[in-house]
Amino acid sequence: MSVAVDTVAPARAGRFLSALNPLAKLAAVIPATVLLVFVRDLTTPLVFLVLAYAVLLAGARWTPQLAGILVLAVPLGIAIIGCGFSLWADASRVDTTPVVLQIGEWKLFAGALSIGFATALRLGAIITLALLSGLTTTGADLVRAMVQQLRVPYRIGYTALAAFRFVPRFAHELDLIRQAHRVRGAHGGRGPFAAAARALGYVVPLLAGAIRHAERVALAMDARAFGAYDDRTERYDVPFRTRDTLFVLAFWVASAAIFLSLFPWGIA
């Protein structure tokens, strides 16, 4: 039998990343993600950023969300973080480098820019590598893979999935509550006090709906004998295939080649 929270079919639409096992996508990027924490140069994270972009563009379905993240969010975030860390860098440690900008007595050194953007690129590369799994994996598939391959107890996995799926339901119920308030003319006026009053008016019905939904889920799980047996059958399998192993090995080889080629000046 399957519990109520496990009735969504696995996501297979899109390109090759969507068809890979979620654990394969995680295992592929973990070594590079851990090692990127320790690099201090500009080149290494930039190369990994390009690699992650290439894999996403080739293996993920192009959507407005993906376009917004890759074209706007990541570059803008790197620029903002890079400038911010450049301003916070200790000038006494980089005062031997050329001056890029001077305003009165204050000076911005090239070394500070290098430190700031090295940090920003490192964060950008780590986040983009995480997107390989985050943008092409559903929570249901990840839980199934953890239960089937990592032998995580299904009581833990599916309970966490049930809690995770409360979030979109709460968003839907909140939208319904807001519409009901507008229909009744209870939207109030403007200003911070009116906004706080509206928020308080949403809390009680939202909590009531959450309690009702939790009770229904608990009753449904009890009716299906959730937790009564050590193992449960799966309606959908998320197998670890040969292509998953090849993807992990290929990414590890590429990551090792990047680090080894840049090792003399890429690792602090």
Report the residue count in the stretch 205-220 for those that are surrounded by 14 or more Cβ atoms within 10 Å (Cβ to Cβ) and over 29 Å from the mean Cα position of the chain (by Cα).
-> 2
Identify, from the list 136, 119, the residue that is in a loop (DSSP other than H, G, I, E, B) and touching a residue at least 24 places away in the same chain (Cβ under 8 Å).
-> 136
Restricting attention to the stretch 24-51, and to residues there that are under 30 Å from residue 150 (Cα atoms) and free of Cβ contacts under 8 Å to residues at least 60 places away in the same chain, which single residue is surrounded by the fewest Cβ atoms within 10 Å (Cβ to Cβ)?
-> 34
Going through the stretch 139-172 in order, the residues found to be outside any helix (DSSP H, G or I) and within 30 Å of residue 48 (Cα to Cα) are 149, 150
Where residue 13 falls short, out of the listed (1) under 29 Å from residue 163 (Cα atoms); (2) modelled with pLDDT of 95 or more; (3) surrounded by fewer than 18 Cβ atoms within 10 Å (Cβ to Cβ) = (2)
Among the residues of the stretch 78-114, the number that are surrounded by 14 or more Cβ atoms within 10 Å (Cβ to Cβ) and under 30 Å from residue 25 (Cα atoms) is 3
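Could you pull out the residue among 51, 108 that is at negative phi and at pLDDT 95 or above?
Answer to the selection: 51.
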Evaluate the stretch 67-90: report whether one residue or more is assigned to a helix (DSSP H, G or I), closer than 22 Å to residue 260 by Cα and hydrophobic (A, V, I, L, M, F, W, C).
-> no
Check whether at least one residue in the stretch 94-115 is touching a residue at least 40 places away in the same chain (Cβ under 8 Å) and in contact with a Gly (Cβ under 7 Å, 6 or more places away or on another chain), and report yes or no.
-> no
Has the stretch 114-126 got any residue that is hydroxyl-bearing (Ser, Thr, Tyr), in contact with a helix residue (DSSP H, G or I) (Cβ under 7 Å, 6 or more places away or on another chain) and within 21 Å of residue 79 (Cβ to Cβ)?
-> yes
Give 130, 54, 58, 140 a once-over and let me know the one that is hydrophobic (A, V, I, L, M, F, W, C), under 30 Å from residue 226 (Cβ atoms) and out of contact with any Gly (no Cβ under 9 Å at 6 or more places or on another chain).
-> 140
Among (1) loosely packed, with under 11 Cβ neighbours inside 10 Å; (2) in contact (Cβ under 8 Å) with a residue 12 or more places away in the chain; (3) aromatic (Phe, Trp, Tyr) - the single one residue 240 does not satisfy = (1)
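Working carefully through the options 130, 54, 58, find the one that is surrounded by fewer than 20 Cβ atoms within 10 Å (Cβ to Cβ), in contact (Cβ under 8 Å) with a residue 60 or more places away in the chain and not basic (Lys, Arg).
It is 130.
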Hey, among the residues in the stretch 206-242 that are outside any helix (DSSP H, G or I), of a type outside the set (Asp, Glu) and at pLDDT 80 or above, which one's nearest to residue 168 (Cα to Cα)?
-> 238
Test each condition in (1) of a type outside the set (Asp, Glu); (2) within 28 Å of residue 28 (Cβ to Cβ); (3) surrounded by 15 or more Cβ atoms within 10 Å (Cβ to Cβ) for residue 150 and report the one that comes out false.
-> (3)
Output the residue which, of all residues in the stretch 82-102 that are closer than 10 Å to residue 116 by Cβ and of a type outside the set (A, V, I, L, M, F, W, C), is nearest to the chain's Cα centre (by Cα).
-> 82
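The values are calculated or read from the model by the stated rules, or taken from the named source; none is laboratory data. Keep in mind that what you see is a predicted model, and the values were worked out from it rather than measured. Positions of Cβ are generated from backbone atoms using ideal geometry, with glycine treated the same way; all protein chains shown enter the neighbour counts.
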